[in-house]
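A.B. asks: Got a structure here, written out as structure tokens. Questions coming.
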Amino acid sequence: MAKRRKVGNLLGLHIMATLSIQPMHPYEIAAQLRAFGKDQDIKIQWGSLYTVVQNLEKHGFIAAAETVREGRRPERTVYRLTDAGRQEMTDWLRELIGQPEQEYPRLRSALSVAGVLPPDEMTELIGQRLAILTAENAAARAALAAARHEVPRLFLIEAEYALALRDAEEAWLAGFHQELRDGSVPGIAAWRRAHETGVMPDISELMERGEPPR
């Protein structure tokens, strides 16, 4: 079971990982995260970065190392990772990598109520998503192949994982789209009739080969 973290925002983990390289002020942290494309790995609300920094400091995971001023700019606090922060960072990372947890992708949520759309519209929408995803995956695959010539694989494994998930989604969508197009989805006739008549079908009409619900 996942631990309840004092700072649970995943941005906090990335801030600590960035500070494990060297002390930085928040503006430098943000620049570093952008430069390494971390906004592709986690959903970052940039406006909350300073709040997360403050929470990390409050709980002793980072500490002010010094205050610097560049020209006429306001003073900036440079933060360093504390021993407690390093322990929290590694413990959190071990948990995230070693312990599977239930995640809730938006597509899965949508598919769970997809029956409210008629099958013909569903076919069109799945085809639309599939076309976009196929093009994006091809572009991501090409970019990853090019990056491998310049970037160590260790720094690309998150992109490999993301592409693997999207490849799996593409493969499933392609199969389901074909089933919709050829009418082999179990219960599709009853599904279509429900939208044409407004009468909900019996659950048995939606079962594969008329099998009773289990």
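The values are calculated or read from the model by the stated rules, or taken from the named source; none is laboratory data. All values reported here derive from a predicted model rather than from experimental measurement. Virtual Cβ from ideal backbone geometry, glycine too; neighbours counted across all protein chains shown. Areas reflect the complete protein model, heavy atoms only, side chains present, ligands, DNA and RNA absent. Shrake-Rupley method; radii C 1.70, N 1.55, O 1.52, S 1.80 Å.
A.B. asks: Using Cα positions and a limit of under 20 Å, work out the lysines in reach of residue 3, with same-chain residues fewer than 8 apart set aside.
C.D. replies: 58
A.B. asks: Tell me the accessible surface of residue 25 in square angstrom (1.4 angstrom probe, heavy atoms of protein chains only), to the nearest ten.
C.D. replies: Accessible area of residue 25: about 10 Å².
A.B. asks: So, in Å, what gap is there between the alpha-carbon centers of the stretch 107-175 and the stretch 1-45?
C.D. replies: Cα centroid of the stretch 107-175 versus Cα centroid of the stretch 1-45: 25 Å apart.
A.B. asks: In nm, to one decimal, how far is the residue 181 label point from the residue 129 one, both placed 7 Å along Cα→Cβ?
C.D. replies: A separation of 1.7 nm, rounded to one decimal place.
A.B. asks: Give the angle, between 0 and 90 degrees and rounded to the nearest 10, that separates the Cα long axis of helix 83-98 from the longest principal axis of the Cα atoms of the chain.
C.D. replies: For 83-98 against the chain, the angle is about 20 degrees.
A.B. asks: Using a ≥ b ≥ c from the Cα gyration tensor of the stretch 83-141 (square roots of the eigenvalues), is it rounded, prolate or oblate, where a/c under 1.5 gives rounded and otherwise the larger of a/b and b/c decides, a/b for prolate?
C.D. replies: On the way: a/c = 5.34, a/b = 2.15, b/c = 2.49.
Cα axes put the stretch 83-141 in the oblate bin.
A.B. asks: Placing unit charges on C-beta atoms (Lys and Arg positive, Asp and Glu negative, everything else neutral), compute the dipole magnitude of the stretch 127-214 about its Cα centre in debye, rounded to 20.
C.D. replies: Working: 10 positive and 14 negative charges, 23 e Å.
Taking the Cα centre of the stretch 127-214 as origin, the dipole is about 120 debye.
A.B. asks: Could I ask something else about it? Classify the stretch 124-214 from the C-alpha gyration tensor, please: rounded if a/c falls under 1.5, else prolate or oblate depending on whether a/b exceeds b/c.
C.D. replies: Numbers: a/c = 4.46, a/b = 2.88, b/c = 1.55.
Judged from the Cα gyration tensor, the stretch 124-214 comes out prolate (a/c at least 1.5, a/b above b/c).
A.B. asks: If I stretch the segment between residue 110 and residue 80 completely, what's the gain in nm (0.36 nm per residue apart, minus their alpha carbon distance), one decimal?
C.D. replies: Details: separation 30, 0.36 × 30 = 10.80 nm, distance 4.26 nm.
Between residue 110 and residue 80, full extension yields 6.5 nm more.
A.B. asks: Summarise the accessible area of the stretch 21-120 (1.4 Å probe, protein heavy atoms) by the percent that is carbon and sulfur.
C.D. replies: Details: 3460 of 7130 Å².
Carbon and sulfur atoms account for 49 percent of the accessible area of the stretch 21-120.
A.B. asks: Hey, what's the Cα Rg ratio for the stretch 63-208 versus the globular rule of thumb, 2.2 N^0.38 Å? Please list the in-between numbers first.
C.D. replies: Values: Rg = 24.5 Å, N = 146, 2.2 N^0.38 = 14.6 Å.
Dividing the Cα Rg of the stretch 63-208 by 2.2 N^0.38 Å gives 1.68.
A.B. asks: Another question about this same structure. With the cut-off at 14 Å, report for the stretch 53-111 the share of all Cα pairs above it, as a whole percent. If you can, show how the numbers build up before the last one.
C.D. replies: Values: 1194 of 1711 pairs.
Of all Cα-Cα distances in the stretch 53-111, 70 percent exceed 14 Å.
A.B. asks: Could you put 82, 67 in order of accessible surface area, largest first, with the 1.4 Å probe and the full protein assembly present? Intermediate values should be presented prior to the final figure.
C.D. replies: Details: 82 20, 67 80 Å².
Output order, biggest surface exposure first: 67, 82.
A.B. asks: Can I ask one more? Order 172, 92, 191, 46 by their accessible area, 1.4 angstrom probe, all chains in place, largest first.
C.D. replies: Details: 172 125, 92 10, 191 40, 46 70 Å².
Ranked list, largest accessible area first: 172, 46, 191, 92.
A.B. asks: Taking the Cα atoms only, what angle lies between the long axis of helix 10-19 and the longest principal axis of the chain, rounded to 10 degrees?
C.D. replies: 40
A.B. asks: Among 116, 151, 201, which residue has its Cα positioned farthest towards the positive end of the charge dipole of the chain, with +1 placed on the Cβ of Lys and Arg, -1 on the Cβ of Asp and Glu, and the dipole taken about the Cα centre?
C.D. replies: 151
A.B. asks: Quick one: if the Förster radius is 25 Å, what FRET efficiency do residue 121 and residue 42 give, using the C-beta to C-beta distance and rounding to 0.05?
C.D. replies: Values: r = 33 Å, r/R0 = 1.32.
In this case the efficiency is close to 0.15.
A.B. asks: Another question about this same structure. Calculate, for the chain, the solvent-accessible area per residue in square angstrom, rolling a 1.4 angstrom probe over the heavy atoms of the protein chains. Provide the component values of the computation, followed by the final result.
C.D. replies: Details: 14780 Å² over 214 residues.
So the chain comes to 69 Å² accessible per residue, rounded to a whole number.
A.B. asks: I need to check one value: relative contact order of the chain, counting alpha carbon pairs closer than 8 Å and at least 6 residues apart, in percent.
C.D. replies: Numbers: 163 pairs, mean separation 34.1, N = 214.
Once divided by the residue count of the chain, the mean separation gives 16 percent.
A.B. asks: Show 3, 58 ordered by accessible area, largest first, where the area counts protein heavy atoms only and the probe is 1.4 Å. Mind dumping the intermediate values first?
C.D. replies: Working: 3 115, 58 155 Å².
I get 58, 3, largest accessible area first.
A.B. asks: Let me spell out the model: positive unit charges on the Cβ of Lys and Arg, negative unit charges on the Cβ of Asp and Glu, origin at the Cα centre of the stretch 159-205. What dipole size does that give, in debye rounded to 20?
C.D. replies: 180
A.B. asks: If you wrap a convex hull around the C-alpha atoms of the stretch 1-141 and split its volume per residue, what is the figure in Å³?
C.D. replies: Values: hull volume 24.4 nm³, N = 141.
Cα-based convex hull of the stretch 1-141, divided per residue, equals 173 Å³.
A.B. asks: Treating the angle as unsigned and between 0 and 90°, give the value, to the nearest 10°, between the Cα long axis of helix 26-35 and the longest Cα principal axis of the chain.
C.D. replies: 50
A.B. asks: Might you report the magnitude of the Cβ-based charge dipole of the chain about its Cα centre, with Lys and Arg at +1 and Asp and Glu at -1, to the nearest 20 debye? Please report the intermediate quantities before stating the final value.
C.D. replies: Details: 27 positive and 30 negative charges, 198 e Å.
With only Lys, Arg, Asp and Glu charged at Cβ, the dipole is about 960 debye.
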